[in-house]
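Contents: one structure, followed by commentary.
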């Protein structure tokens, strides 16, 4: 139990406390406990460049080509995990250089960073599989929609696309392929294909 005299002294000292007053000071003190920045709220932490992150994200978006909001969210998870993975590599390098100077190798710190690295790598690969599945489903839905909306068996298609003519449900007796300047043209006459 604290005495009344001690409690009064603590309250008096607390009123004299000088914490950060400005927004800048508060933001800086909020990062006091940051060690490697892997679990922070902000994607770009102190010492990293917002423009570099934006360029990094744009390269991934250009490469992965998200087509809707869900795919965009998956790509963002990939970008953030990959950005944090870069941070791990930098932390490992710094840790190694610091330990080399101190001649003190603590495997525990390296093991912890290695576990973070494995988790992020797994997250990246899981998200890439998820994105691939989403894009595959969307492509299949597009192909099915084209097949259902095709009114006749006559169809122009380009050899370079690798698409085959869709003739299911079309009326044909014979099927011909004509090679012309627009690619291959499929024609059918009479009957019904099922």
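Expressed in units of 2.2 N^0.38 Å, where N is the residue count, the Cα radius of gyration of segment 39-98 is 1.27.
According to the Cα-based calculation, Rg over Rh for segment 36-148 is 1.13, with Rh computed by the Kirkwood formula.
Values quoted throughout were computed directly from the atomic coordinates according to the rules given, and no laboratory measurement underlies them. The shown structure was predicted, so the numbers you read here are calculated from the model rather than taken from an experiment.
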